Every structure is written in C-alpha cells, then in structure tokens.
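> My questions all concern the structure below.
Each reported figure results from applying straightforward, stated rules to the coordinates on display, with no laboratory input. Computed from a predicted model, the values in this text were never measured in an experiment. Counting neighbours? That spans all protein chains shown, and the Cβs are built from the backbone with ideal geometry, glycine included.
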Amino acid sequence: MLGHDVTAAAARAGHDVTPLSRRELDICDAAAVSAAVTAARPAAVVNCAAWTDVDGAEADEPGATAVNGAGAGSVAAAAAAAGAFVVQVSTDYVFDGTAREPYGESAPTAPLGAYGRSKLAGELAVAEAVPGAHAIVRSSWLFGEHGGNFVATMLRLGRERDELTVVDDQVGCPTFTGHLATALVTIAERRLEGIRHVAGAGSCSWHDLAAATFAATGIELRLLRGSTAELGRPAPRPAYSVLRSERPDTPALPDWQEGLHAYLDLGVTA
Ligand SMILES: NC(=O)c1ccc[n+]([C@@H]2O[C@H](COP(=O)([O-])OP(=O)(O)OC[C@H]3O[C@@H](n4cnc5c(N)ncnc54)[C@H](OP(=O)(O)O)[C@@H]3O)[C@@H](O)[C@H]2O)c1
C-alpha cells in the first residue's frame with residue numbers, strides 16, 4: 001500500500017525510482033538484497049516492505065521478525081554499502097499505549113505484541129547498520145489507494161449492513177499514505193536523520209474514523225460503540241498511540257480529516 005505511493009511521490013519529485021515488489025526481491029534474502037541495491041546505485045532506499053499481519057505475527061513471531069527485523073537490517077546494510085541514505089518505516093505499535101499525551105520520538109518504547117517487537121527489532125537493526133545515515137519514520141493507522149485498509153473496509157460494510165459496531169477505546173492518528181509518501185521523499189531528499197514521528201495531525205478513535213467516513217460518503221447506518229476486549233483479536237493493541245514530533249524539521253502532515261477526504265476523492269471502492 002505505502003510502497004506504491006512512495007514510488008509515485010518520488011517520481012513526481014523528479015527522481016529515478018526502482019520499485020521492487022516482493023516477487024522481485026525477498027528482503028529476507030540478504031545476497032539478493034545486496035545485489036539489487038548495488039545494481040540500482042541509489043542515493044536513498046525507502047523500505048516499505050514488512051510483515052504487516054499484526055494478528056498473524058502472534059502465531060509466528062520468528063517469521064515476522066525475519067522480515068521486520070533481520071530483513072530491514074539487510075536492506076539497511078546493503079544501502080550503507082552503496083552509500084545510500086536509508087528511510088525505514090516503523091509503527092506506533094512500538095509503544096504500549098498507556099500514555100495519555102502524544103508520544104514524541106524520545107518516549108520509551110514498550111511493544112505489547114509480536115508485531116511491535118519485530119518492528120522495534122528492525123529499528124535497532126537499521127540504526128546499527130547505517131549509523132548517521134538513516135531515518136526511522138514511525139507512522140500509524142495507514143489508509144491508501146493500493147491496499148486493504150480500515151476506511152475501505154468501512155465503505156464495504158457500510159453498503160452491506162444496517163448496523164455496525166466499531167471500537168472506541170483505541171485512539172490514534174489516521175494517516176493517508178499519499179501524504180506520508182510525500183513526507184518520506186522529503187526526509188530522504190533532506191537526509192533528515194534519526195527517529196521521526198510522521199502521522200496525520202489530530203487524533204481520533206476507530207469509531208470516530210468510521211463515523212467521519214460514513215458522514216463524508218452519505219452512508220446511513222446505525223453505528224454502535226464497541227470495545228477492543230469484545231473483539232477478542234489475538235494481538236493486543238495500544239489503547240492510545242497518538243504520535244507527535246519533537247523535532248521541528250520533521251515534515252508535518254495535514255489533519256487526518258484532510259487525509260480521509262483526499263483518499264475518498266480518489267473514488268476507491270472496497
Ligand atoms: N498499515 C498500517 O496501518 C501501518 C501503520 C504503521 C506503520 N506501518 C508500516 O508501514 C509500512 C508499509 O505498510 P503497508 O500498510 O503499506 O503494508 P502492506 O500493504 O502490507 O505492504 C507491505 C509489503 O511488504 C511486502 N513484503 C512482505 N514480506 C516481504 C519480504 N520478505 N520481502 C519483500 N517484500 C515483502 C508485502 O508483500 P505481500 O503482500 O506479498 O506479503 C507487501 O507488498 C510497513 O513498514 C508497516 O509496518 C503500517
């Protein structure tokens with residue numbers, strides 16, 4: 001989902017882009033990663049590849065860590081060997097969600113589940129592989145044109161159902177991948193070092209995001225409030241994972257509502 005938009009944003013900014021899908025490059029194959037990066041001779045590498053099945057990671061943490069930890073480290077090592085700046089995409093799930101005010105970059109990490117642990121392992125691997133030439137960009141609650149996402153699911157369920165229950169006890173920053181992608185390209189161009197929190201401005205619950213989606217699209221249904229515990233998902237989720245940047249040179253994104261409208265304007269149907 002994000003990789004497509006980063007490719008488009010980089011091309012719009014006038015860069016030569018080498019997009020690689022999983023079929024073309026398995027980031028767990030360190031030799032293949034090294035060969036691909038050497039061949040591309042990049043000024044920057046943006047790693048959007050990841051194991052993103054949060055519940056699936058609970059059942060196979062070694063599998064998730066191979067991609068999100070060691071795989072991210074291989075990409076960073078290959079980039080370092082080529083003299084390229086690395087942008088590694090990470091997540092709000094490195095936090096435990098017990099805070100009641102936004103998490104800045106210096107907040108202590110404490111992942112609740114396997115996915116968050118695997119992404120944190122990737123952060124550490126990247127920092128070790130390319131000291132001084134990497135950005136670790138934590139974002140959250142992504143929705144975009146090129147992948148399954150919460151807003152797309154709401155649009156589908158909104159057409160199918162008269163009534164829907166959505167959790168209101170998780171609060172975060174919904175982020176449009178079109179906005180995030182542009183920021184990632186800027187971070188690569190300016191070689192903005194270190195951890196960076198980049199997410200849609202403002203915050204809301206999943207219930208609020210569903211309500212805003214239905215209001216914007218004229219879908220009428222009974223929207224009820226549910227709890228995370230009632231859902232009974234295998235992976236724990238942070239109850240509060242609002243991200244803010246403490247670093248003034250970090251690109252700021254528009255409000256999440258603006259991101260939602262930009263996404264809906266694309267006319268994507270689930
Ligand atoms: N989605 C969110 O809400 C969210 C929130 C915060 C941070 N993030 C982070 O944002 C980044 C982009 O996420 P996304 O939402 O765009 O996820 P996505 O749509 O699931 O894209 C991840 C891509 O990585 C590929 N991949 C998986 N294992 C691979 C491997 N071993 N080698 C090469 N490619 C591999 C996947 O291929 P297959 O489809 O074939 O498996 C998929 O194309 C990730 O780092 C994710 O952790 C996402």
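> Angle, helix 177-190 long axis vs. longest principal axis of the chain, Cα atoms, 0 to 90°, nearest 10?
For helix 177-190, the angle is close to 30 degrees.
> Report the normalised scattering of the chain as log10 I(q)/I(0) at q = 0.09, 0.11, 0.14 Å⁻¹, calculated by the Debye formula with identical scatterers on the alpha carbons.
Log10 of I(q)/I(0), two decimals: -0.40, -0.60, -0.98.
> Continuing with the same structure: For the chain, find the longest principal axis of its Cα atoms and tell me its angle to the long axis of helix 30-40, 0 to 90°, nearest 10.
For 30-40 against the chain, the angle is about 80 degrees.
> Could you line up L120, L180 from fewest to most neighbouring Cβ atoms inside 10 Å? Mind showing how you got there, number by number?
On the way: L120 22, L180 27.
Ascending number of Cβ neighbours within 10 Å: L120, L180.
> What order do you get for V171, V151 when you list them from fewest to most C-beta neighbours inside 10 Å? If you can, show how the numbers build up before the last one.
Details: V171 19, V151 25.
Going from least to most buried by this count: V171, V151.
> Shifting gears a bit: Would you please classify the overall shape of the stretch 1-63 from the alpha carbon gyration tensor, given that a ≥ b ≥ c denote the square roots of the eigenvalues, rounded means a/c under 1.5, and beyond that prolate means a/b larger than b/c while oblate covers the rest? All intermediate terms of the calculation are to be shown ahead of the outcome.
Numbers: a/c = 3.25, a/b = 1.52, b/c = 2.14.
Oblate, because a/c is 1.5 or more while a/b does not exceed b/c.
> Continuing with the same structure: I'd like the distance separating the alpha-carbon centroids of the stretch 51-114 and the stretch 243-270, in whole Å.
Distance between centres, Cα-based: 21 Å.
> A follow-up question, please. If you place +1 on the Cβ of every Lys and Arg, -1 on the Cβ of every Asp and Glu, and leave all else neutral, what size is the dipole of the chain about its Cα centre, to the nearest 20 Debye? Each step should come with its number before you reach the end.
Values: 20 positive and 32 negative charges, 74 e Å.
Approximately 360 debye in magnitude.
> Could you compute the longest span of the chain free of GluC sites (Glu not before Pro) located in DSSP loops and having at most 11 other Cβ atoms within 10 Å, not counting the site residues?
Details: sites that count: E24, E220.
Result for the longest clean stretch: 25-219.
> Using only Cα atoms, what Kirkwood radius does the stretch 40-198 have, in angstroms?
Radius from the Kirkwood sum: 16.7 Å.
> Now for a different question. If you filter the stretch 1-62 for trypsin sites (Lys or Arg not before Pro), then keep DSSP loop positions with at most 16 other Cβ within 10 Å, what is left?
Details: sites: R12, R22, R23; in loops: R22, R23.
Taking the stretch 1-62 and a limit of 16 other Cβ atoms within 10 Å, the loop trypsin sites (Lys or Arg not before Pro) found are R22, R23.
> Counting pairs of alpha carbon atoms under 8 Å apart in space and at least six apart in sequence, what relative contact order in percent does the chain give?
On the way: 537 pairs, mean separation 63.9, N = 270.
The normalised contact order for the chain reaches 24 percent.
> Could you give the alpha-carbon Rg of the stretch 92-131 over 2.2 N^0.38 Å, rounded to two decimals? Don't jump to the answer; show the numbers that get you there.
Details: Rg = 10.9 Å, N = 40, 2.2 N^0.38 = 8.9 Å.
Computed over Cα atoms of the stretch 92-131, the ratio equals 1.23.
> Using only the C-alpha atoms of the stretch 173-270, find the volume of their convex hull and express it per residue in Å³. Walk me through the numbers on the way to the answer.
Working: hull volume 13.1 nm³, N = 98.
Expressed per residue, the convex hull around the Cα atoms of the stretch 173-270 is 134 Å³.
> Quick one: net charge of A235's neighbours, Cβ under 14 Å, K/R +1, D/E -1?
Numbers: positive: R117, K119, R233, R237; negative: D53, D55, E58, D60, E61, D92, D96.
Spelling it out: positives minus negatives among the neighbours equals -3.
> Go through W141, A82, A64 and say which Cα lies farthest out towards the positive end of the charge dipole of the chain; charges sit on Cβ, +1 for Lys and Arg, -1 for Asp and Glu.
A82
> Nearest 500 deg cm²/dmol is fine: what mean residue ellipticity at 222 nm does the chain get from its DSSP H runs of n ≥ 4 alone, each adding -39,500 (n - 2.57), divided by its residue count?
Values: 11 runs with 110 residues, N = 270.
It lands at -12000 deg cm²/dmol.
> Provide the convex hull volume over Cα atoms per residue for the stretch 118-175, in Å³.
Once divided by residue count, the hull of the stretch 118-175 is 127 Å³.
> Could you state the angle between the C-alpha long axis of helix 72-81 and the longest principal axis of the C-alpha atoms of the chain, as a value from 0 to 90 degrees rounded to the nearest 10?
30 degrees
> Ok, one more. If you count the DSSP beta bridges with both ends in the chain, what percent of them are antiparallel, to the nearest 5?
10 percent
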